[in-house]
1. Going by the conditions given, is ILE178 under 26 Å from PHE56 (Cα atoms), over 14 Å from the mean Cα position of the chain (by Cα) and not in a strand (DSSP E or B)?
2. Can you tell me which residues in the range 86-104 are β-branched (Val, Ile, Thr) and farther than 10 Å from LYS75 by Cβ?
3. Let me confirm something: among SER259, SER234, SER270, which residue is at pLDDT 95 or above and buried (at least 17 other Cβ atoms within 10 Å of the Cβ)?
4. Among the listed residues LYS52, LYS117, which satisfies the condition of being modelled with pLDDT of 90 or more and among the charged types (D, E, K, R)?
5. For the range 200-216, name all the residues that are touching a strand residue (DSSP E or B) at 6+ places or on another chain (Cβ under 8 Å) and either of a type in the set (S, T, N, Q) or part of a loop (DSSP other than H, G, I, E, B) (or both).
6. Can you find a residue in the range 184-197 that is of a type outside the set (A, V, I, L, M), on the phi > 0 side of the Ramachandran plot and outside any helix (DSSP H, G or I)?
7. Return the residues of the range 203-218 that are closer than 15 Å to ASP170 by Cβ and under 23 Å from the mean Cα position of the chain (by Cα); say none if nothing qualifies.
8. Taking only the range 143-179 into account, find how many residues are small (Gly, Ala, Ser), more than 20 Å from MET209 (Cα to Cα) and either free of Cβ contacts under 8 Å to residues at least 12 places away in the same chain or surrounded by fewer than 21 Cβ atoms within 10 Å (Cβ to Cβ) (or both).
Amino acid sequence: MRDQAAQLRERLQKSQEGKPTRLITVTSGKGGVGKSNFTLNFALGLLESGQKTVVFDADLGFANLDVLMGISSKKHLLQLLEPQTTVWDILEKGPGGLEFIAGGTGFSQMMKVDDGKLDTMFRQLENLQGYADILLFDTGAGVSNESMRFILAADEVLLVTTPEPTSITDAYALIKMIHSQNPKTAIRLVINRVSSNQEGKQTADKLAMVAKRFLDMELSTLGYVPDDAIVSKSVKQQKPFFLTYPQSPAAKGIRDLVSAYTRGVGAVSSIETGAGGLKGFFAKMRNMIR
């Protein structure tokens, strides 16, 4: 039996059916660049700015957003296959009121279910349309079939990298893969762990130059997050640095990124792309799965 809070959420969603929801996939060319930690703190920054944000942990097999928040998730995506379970039943709340859906191994098993159950699951997830201003998908690092489905179906992609040469190389390899499958995919760079804004700009410019020269594509940059010892400390504490150390350089960097995003610098909405919101997103997912 659904609780009153779930019913209230459903009524709110129905009252906002025409409201656009931006669908953003956060990805990286390799592991270890701080992608999931960025996703978590960026989501909290968006919430602070007044953007209702829901995070979907789509990191197949290595889902760890709940760990970063110090939460042991009791609900997960695969439970949507159970009779009478709704998306509101699996939507969990973390620090700062951030709502999220834990993925775990659910996505890999989701690929194996029959079409009828898959459609039921997607229809439930589509109910988030209008409920949130922004839905962030935290994917696995690197190139995998699962990550590519989220990347190619989303309205826009935030690609997290660092100034390290191996990270830059792997980021470009992912950009090349995305471009080969859909040249129209909107990719924006986030340079993490920079020693200065100048280093961040140099890294972004390098990637943009190579993409323009060899792929004839324009890469935009959302911004940079400074290298900050507080980030590692907060991971060990299992608390988001944006909340625990709000005046830290890393938290200020996140606020700058949020400000750039909400000002609409290069932002692309589902209405502008004609993607059709969550319904269009999951229609693309269905086609890629089948």
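The values are calculated or read from the model by the stated rules, or taken from the named source; none is laboratory data. Here the structure is a predicted model, which means the values were calculated and not measured. Don't worry about glycine lacking a Cβ; one is built from the backbone with ideal geometry, like all the others, and counts go over all protein chains shown.
1. Details: under 26 Å from PHE56 (Cα atoms): yes; over 14 Å from the mean Cα position of the chain (by Cα): yes; not in a strand (DSSP E or B): yes.
In short, yes.
2. Step one: filter the range 86-104 for residues β-branched (Val, Ile, Thr), giving 86-87, 90, 101.
Answer for the range 86-104, where residues must be β-branched (Val, Ile, Thr) and farther than 10 Å from LYS75 by Cβ: THR86, VAL87.
3. Working: SER259 fails: buried (at least 17 other Cβ atoms within 10 Å of the Cβ); SER270 fails: at pLDDT 95 or above.
Testing whether each residue is at pLDDT 95 or above and buried (at least 17 other Cβ atoms within 10 Å of the Cβ) leaves just SER234.
4. Details: LYS117 fails: modelled with pLDDT of 90 or more.
So the residue among LYS52, LYS117 that is modelled with pLDDT of 90 or more and among the charged types (D, E, K, R) is LYS52.
5. Keep residues of the range 200-216 that are touching a strand residue (DSSP E or B) at 6+ places or on another chain (Cβ under 8 Å), which gives 200-201, 203-204, 207-208.
Hit for the range 200-216 is THR203, nothing else.
6. Residues of the range 184-197 that are of a type outside the set (A, V, I, L, M), as a first pass: 184-185, 188, 192-193, 195-197.
From the residues that got through so far, the ones that are on the phi > 0 side of the Ramachandran plot too are 193.
Narrowing the set further to residues that are outside any helix (DSSP H, G or I) leaves 193.
Yes, the conditions are met somewhere in the range 184-197.
7. To start, the set of residues in the range 203-218 that are closer than 15 Å to ASP170 by Cβ comprises 203, 206-207, 210-211.
Of everything in the range 203-218, those that are closer than 15 Å to ASP170 by Cβ and under 23 Å from the mean Cα position of the chain (by Cα) turn out to be THR203, LEU207, ALA211.
8. Residues of the range 143-179 small (Gly, Ala, Ser): 144, 147, 153-154, 167, 171, 173.
Narrowing further to those that are more than 20 Å from MET209 (Cα to Cα): 144, 147, 153-154.
Okay, now just the ones that are also either free of Cβ contacts under 8 Å to residues at least 12 places away in the same chain or surrounded by fewer than 21 Cβ atoms within 10 Å (Cβ to Cβ) (or both), so 144.
Counting residues in the range 143-179 that are small (Gly, Ala, Ser), more than 20 Å from MET209 (Cα to Cα) and either free of Cβ contacts under 8 Å to residues at least 12 places away in the same chain or surrounded by fewer than 21 Cβ atoms within 10 Å (Cβ to Cβ) (or both) gives 1.
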